[in-house]
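One structure is given below, encoded as structure tokens.
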Amino acid sequence: MNRKKLLTVCISVWCITITLSAAPMMDSRVRKVPVDITERIFIDPEETLPKLVSCLTAGMKETRPKVKVLHDWICDNIAYDTDIFNDYTLVPRQSYIEVLKKRAAICAGYANLFAAMCYYAKIECITISGWSKGFGYRGYLKDESDHAWNAVKINGKWSLIDVTWDAGFVDYSNYVKSYSTQWFMKSGGQFIYSHLPKEDDKQFISKIKTKEEFIDEPYIEPVFFEHGLALGERMPHYTNEVTDDTSFELKLSDTAVRLDSTLRRKDGSGAVHDAVWNERNGNKFTIYCDVPDRGRCEVNVYVYNPGFKFIPHVLPDDSFRRIAAEVRDLAKTQKIAEEDAKVLLDSYYQSPDLECSNWYYKEDLFDKARINTVKKVLAMTDYGLEDSERVLSFDIEAEEGYAGYGEGWRFPKVYIEFSNIKNLHLIESPTGSVNKGSTVKVVVESREFSGFAWGVDHDYITKFAKTDVKNVYEAEIVVPEEGKVLNIYGTRDGKKYFSYWYYQIE
């Protein structure tokens, strides 16, 4: 895709990643442990742990639910040790006893505690050391391994578990509780794009991956495979050099899956808007991307889950303040109860870290009333709820000799309905910005639509002409002197037109 045509979380041993899971449910037994055990487990862990495990797994016959309740109890009770995260010299031994006494751990401590609980539950479990593509990964492996996770054996088959990544994540120096089952009971094939064991036989896959292959491949989360996705012929590597016509492909076994992608700078300065364009044709999803300069950026690919609504766990200060103002207005106009407004506002706390002004959600999966209230109120704001989860990410940077596309919109902007389009291809198109008084040509191919049209600021609509080529439509557009955006519309029935993408008028 060139400017004129569209052609066809880990630092050393401390690993945290942000993951959204599809409405995970924590085992209710986690909160039904007798008070005396709950109190004693953090005072005298060596004596009390067998009692805790016995209580959690009582009456269970199958191994998998036992593994799940042990995983869930750790996620609910053990925080990530941010003291160590912020000062490497503080690394202590990470025995399960020390972890329980402090109620905090790094990855080795999470893995050791999980292995100890499995031991008392008579579940075959091992701890695996290796490398990960978590927070802080820079596209190469350090000499020493930097992460730890577990594997359990059920009916002769090994499954992998990363309790650390399922418990929550670290934002700046703040631990954010964020329960997930994204890294629970996964296959070796699902883990190998993010976790590389020191010992090859702990990969649990038929074709062993080398360090070089692990470094070269993009970061893929297990949910990528669960949605029936696969890498295409033009697959991304972990780091990719791009020019202004670079694209990557994914394959979809289920064409009902909705995908999107975004670009952000690796230096933490935020998103790069309008630098990614997505197209779907049949079972192929193509990502066109570019960089504004020679800085490194990260492409993140998401799957929409419209059936699930996720409460955002991190909100920038300006976003939270906008939400808070909206919520107070809703309460004043009696569109929501004042009590509901208070519940939402009290469900977030601001970072105590002076270098960070983010607000964090106080997660408690067992407070169903609060969860439902927060979801109800957030849904009424402009911010809304999260409805997507990341499945894939990779880095891009300018190829030598290419300075980047510069300023302005690199690609057109899309409306949310665009992600529903399954067969659309821009054969020819301007970049994201068009000049007043200029003439631009847009050529579109689509089997899904019966026609296209264009308009400025929704004031009027001019239809595209059908070409001699089947399913191809084109328009020579003289950009008006007045107006802010040039909208492109599509129609499936020849009667109702809806706007799907637009260009900035300069």
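Every read-out reported here was derived from the displayed coordinates using simple, explicitly stated rules and does not represent laboratory data. Worth saying up front: this structure is predicted, and the values here are computed from it rather than measured. We place every Cβ from the backbone using ideal geometry, glycine too, and count neighbours over all the protein chains shown.
Things worth noting here:
- Rounded to the nearest 5, the antiparallel percentage of DSSP beta bridges internal to the range 413-505 is 95%.
- Among beta bridges from DSSP that stay inside the chain, the antiparallel ones total about 90%.
- Evaluated at q = 0.18, 0.19 Å⁻¹, the base-10 log of the normalised Debye intensity for the range 147-295, with identical point scatterers placed on the Cα atoms, takes the values -1.30, -1.36.
- Remark on LYS266: its backbone amide H falls under 5 Å from those of ARG296, CYS297, GLU298, a criterion applied only to residues 5 or more positions apart or on other chains, H modelled at 1.01 Å from N.
- Sites ILE43 and LYS284 - FRET efficiency at Förster radius 56 Å, r taken between beta-carbons, to 0.05: 0.45
- Three principal axis lengths of the range 314-385 [C-alpha, angstrom, descending]: 37, 28, 18
- Potential extension, GLU249-LEU354 segment - 0.36 nm per residue separation minus Cα distance: 33.6 nm
- Taking N as its residue count, the alpha carbon Rg of the range 413-505 over 2.2 N^0.38 Å: 1.00
- Across the options VAL314, TYR349, THR381, the greatest Cα extent toward the positive end of the charge dipole of the range 314-385 (unit charges at beta carbon of Lys, Arg, Asp, Glu) belongs to THR381.
- GluC sites (Glu not before Pro) restricted to DSSP loop in the range 177-265 with at most 15 other C-beta within 10 Å: GLU199, GLU233
- When you filter the GluC sites (Glu not before Pro) in the range 400-448 for DSSP loop state and at most 15 other Cβ atoms inside 10 Å of their Cβ, you are left with GLU400, GLU407, GLU448.
- Long-range tail of P(r) for the chain (Cα pairs > 37 Å, %): 37
- Above-threshold pairs, the threshold being 32 Å between Cα atoms, out of LYS133/LYS484; LYS68/LYS368; LYS202/LYS375; LYS61/LYS177; LYS332/LYS496; LYS32/LYS266: LYS133/LYS484; LYS202/LYS375; LYS332/LYS496; LYS32/LYS266
- Taking the charge dipole of the range 413-505 about its Cα centre, with +1 at Lys and Arg Cβ atoms and -1 at Asp and Glu Cβ atoms, the residue from ILE461, ASN423, VAL434 reaching farthest to the positive side is ASN423.
- Full-stretch length increase - TYR460, ILE126 - with 0.36 nm per residue and alpha-carbon distance subtracted: 113.7 nm
- Here, P(r) means the percent of Cα pairs in each 10 Å bin from 0 to the largest distance; for the range 263-420 it is 9, 29, 30, 22, 9, 1.
- Where only alpha carbons of the range 118-196 are counted, the Rg and the Dmax (Å): 13.7, 41
- The chymotrypsin sites (Phe, Trp or Tyr not before Pro) of the range 69-149 meeting both criteria, a DSSP state outside H, G, I, E and B (loop) and at most 12 other C-beta atoms within 10 angstrom of the site's C-beta, are TYR140.
- Summary of the geometry: the range 152-215 and the range 32-52, compared by the centres of their Cα atoms, lie 28 Å apart.
- Here the simple spin-label model places points 7 Å from the Cα toward Cβ, and for ILE97 and ASN155 these points are separated by 3.8 nm.
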